[in-house]
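Have a look at the structure below before the remarks.
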Amino acid sequence: MVQKQLTRSERTKQDIVNAAGKLFSKRGFDVVTMREIAQEAGCSHTTIYIYFENKLALLHYLSMPPLQNLKQQMEEVMEQTNLQPKSKLKTVSQQFIHFCLSNRTMVHIFFYTKPSRVDEEKPEIEVNKIRIELFNLIKQSLQTCLQIEDNDPRMLSFGRIYFYTLHGIVGTYENSEESPEELIKRLDGTFDDTIDVLLYGFHQKVRMEAEHK
């Protein structure tokens, strides 16, 4: 009997999570209410609070596991000693693009809901901490390619420009009917060229600024 209740409880919780993901991605986080999520999940508006205190708790539950998994994959690439810095940058960039294209309906939830600045030292909500960690991993990889010191203030700007570009790529193909694998295969050369052009531009800027000192 206890096992059946546990299974029913887990199923109810998953129904709530699925309903929240569906409504958040379709209508937006701020618009959707807890009552509407409960209705979509087929439970009472009081039952939903047994599992989640508020919408922010649902945001964390939906976002944290996938983002933590992405972070782990990127960290594993960064730790590889047999890869050159440029190869690491291209690989983590491809991981980020593939992740976003594989989760197209949830990208806005994962990255754009209740965001903080990427240089926020102590973000208030947990999901922003891992968003910043992902940004810093890409910035770190970019910094290694550019051979710039850790305390160089230009790296925040360069990191933002690079991150904007990745998000721009994702946004361009967010509604594509092609699978992530098909898009990566078809556009891999274009993505590589994009990284090469950005790196060239950053290198040129660093060189020009050094010449004018």
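The values are calculated or read from the model by the stated rules, or taken from the named source; none is laboratory data. Quick caveat: nothing in here was measured; it's all calculated off a predicted structure. Note that each Cβ is placed from the backbone with ideal geometry, even for glycine, and that neighbours are counted across all protein chains shown.
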request  = Give me the pairs, please: first residue somewhere in the stretch 82-111 and farther than 28 Å from Tyr61 by Cβ, second residue anywhere and among the charged types (D, E, K, R), beta-carbon distance under 7 Å, and either six or more positions apart or on two chains.
outcome  = Lys90/Asp192
ask   = Taking Gln68, is it more than 20 Å from Ile184 (Cβ to Cβ), in the same structural domain as Phe191 (by TED's automatic domain parsing), surrounded by fewer than 16 Cβ atoms within 10 Å (Cβ to Cβ) and of a type outside the set (Phe, Trp, Tyr)?
value = yes
request  = Check the stretch 179-199 and report whether any residue there is over 20 Å from Met74 (Cβ atoms) and hydroxyl-bearing (Ser, Thr, Tyr).
outcome  = yes
query = Can His98 be described as in contact with a Gly (Cβ under 9 Å, 6 or more places away or on another chain), surrounded by fewer than 18 Cβ atoms within 10 Å (Cβ to Cβ) and under 27 Å from Ser179 (Cβ atoms)?
reply = no
inquiry  = surrounded by fewer than 15 Cβ atoms within 10 Å (Cβ to Cβ) and assigned by TED's automatic domain parsing to the domain that holds Lys26: which single residue out of Thr81, Thr46 fits that description?
reply    = Thr46
message = Considering only residues that are surrounded by fewer than 17 Cβ atoms within 10 Å (Cβ to Cβ) and of a type outside the set (S, T, N, Q), which ones fall in the stretch 128-142?
response = Lys129, Glu133
ask   = For the stretch 149-179, how many residues are touching a helix residue (DSSP H, G or I) at 6+ places or on another chain (Cβ under 6 Å), farther than 15 Å from Gln94 by Cβ and outside any helix (DSSP H, G or I)?
value = 1
query = Can you find even one residue in the stretch 14-28 that is in contact with a Leu (Cβ under 6 Å, 6 or more places away or on another chain) and not charged (D, E, K, R)?
reply = yes
message = I'd like to verify a number: residues in the stretch 30-40 that are modelled with pLDDT under 95 and under 12 Å from Val17 (Cβ atoms), how many?
response = 0
remark   = Here the residues within the stretch 29-43 that are surrounded by 14 or more Cβ atoms within 10 Å (Cβ to Cβ) and either free of Cβ contacts under 8 Å to residues at least 60 places away in the same chain or of a type in the set (D, E, K, R) (or both) are Val32, Met34, Glu36, Ile37, Ala38, Gln39, Glu40, Ala41, Cys43
key: Inter-residue pairs, beta-carbon under 7 Å, first within 24 Å of Glu149 (Cβ to Cβ) and in the same structural domain as Ile169 (by TED's automatic domain parsing) and in the stretch 188-213, second part of a helix (DSSP H, G or I) and among the hydrophobic types (A, V, I, L, M, F, W, C), 6+ apart   = Ile195/Leu89; Leu199/Cys145; Phe202/Leu146; Phe202/Phe158; His203/Leu146; Val206/Leu146
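Condition check ((1) without any contact (Cβ under 8 Å) to a residue 60 or more places away in the chain; (2) surrounded by fewer than 16 Cβ atoms within 10 Å (Cβ to Cβ); (3) of a type outside the set (Phe, Trp, Tyr); (4) within 23 Å of Leu62 (Cβ to Cβ)) across all residues:
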residue	(1), (2), (3), (4)
Glu126	no, yes, yes, yes
Thr144	yes, yes, yes, no
Phe158	yes, no, no, no
Ile161	yes, yes, yes, no
